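*Asks:* What follows is a structure written as structure tokens; I'll ask about it next.
The values are calculated or read from the model by the stated rules, or taken from the named source; none is laboratory data. Values in this document were obtained by computation on a predicted structure and should not be read as measured data. Cβ placement follows ideal geometry from the backbone for every residue including glycine, while neighbour counts extend to all protein chains displayed.
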């Protein structure tokens, strides 16, 4: 069975990942860069605009992937609560944990 120590370990890893990826800074950059894309002259230089959009998509993907991992961990924690109340099986908890890991 999955222990609270294993959950804590993954939570710590996710916290370190957030720092490593600098998620807070990326969120600010994404907001600022999205504002630039609605400027009337943004597409005046198509090649530069395309390169800019590619970089923006990359930043968004990192943030989205990080958010997915956070959501997976939350799902494991909820399943553990349900397991303690005999509402889900151990296999479901383990499967979700392995997916998160």
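*Asks:* Check the range 39-49 and report whether any residue there is surrounded by 14 or more Cβ atoms within 10 Å (Cβ to Cβ), over 13 Å from the mean Cα position of the chain (by Cα) and in a helix (DSSP H, G or I).
*Replies:* There is at least one residue in the range 39-49 that is surrounded by 14 or more Cβ atoms within 10 Å (Cβ to Cβ), over 13 Å from the mean Cα position of the chain (by Cα) and in a helix (DSSP H, G or I).
*Asks:* Looking at residue 10, is it surrounded by fewer than 14 Cβ atoms within 10 Å (Cβ to Cβ), closer than 30 Å to residue 100 by Cα and out of contact with any strand residue (DSSP E or B) (no Cβ under 9 Å at 6 or more places or on another chain)? Outline the logic, then answer.
*Replies:* Working: surrounded by fewer than 14 Cβ atoms within 10 Å (Cβ to Cβ): no; closer than 30 Å to residue 100 by Cα: yes; out of contact with any strand residue (DSSP E or B) (no Cβ under 9 Å at 6 or more places or on another chain): yes.
For residue 10, the condition - surrounded by fewer than 14 Cβ atoms within 10 Å (Cβ to Cβ), closer than 30 Å to residue 100 by Cα and out of contact with any strand residue (DSSP E or B) (no Cβ under 9 Å at 6 or more places or on another chain) - is not met.
*Asks:* Let me ask something additional. Name the pairs: first residue in the range 46-74 and at negative phi and free of Cβ contacts under 8 Å to residues at least 40 places away in the same chain, second residue surrounded by fewer than 11 Cβ atoms within 10 Å (Cβ to Cβ) and assigned to a helix (DSSP H, G or I), Cβ to Cβ under 7 Å, at least 6 apart or on different chains?
*Replies:* Within 7 Å, the pairs are 72/99.
*Asks:* Which residue, of 58, 30, is surrounded by 15 or more Cβ atoms within 10 Å (Cβ to Cβ) and either in contact with a helix residue (DSSP H, G or I) (Cβ under 8 Å, 6 or more places away or on another chain) or in a helix (DSSP H, G or I) (or both)?
*Replies:* After applying the criteria, what remains is 30.
*Asks:* For the range 82-96, name all the residues that are surrounded by 12 or more Cβ atoms within 10 Å (Cβ to Cβ) and part of a helix (DSSP H, G or I).
*Replies:* 82, 83, 92, 93, 94, 95, 96
*Asks:* Residue 11 - would you say it is closer than 22 Å to residue 95 by Cβ, at pLDDT 95 or above and in a helix (DSSP H, G or I)?
*Replies:* It is true that residue 11 is closer than 22 Å to residue 95 by Cβ, at pLDDT 95 or above and in a helix (DSSP H, G or I).
*Asks:* Could you please find all residues in the range 83-101 being in contact with a helix residue (DSSP H, G or I) (Cβ under 8 Å, 6 or more places away or on another chain) and more than 14 Å from residue 12 (Cα to Cα)?
*Replies:* Listed by number, the residues that qualify are 83, 88, 89, 90, 92, 93, 96, 97, 99.
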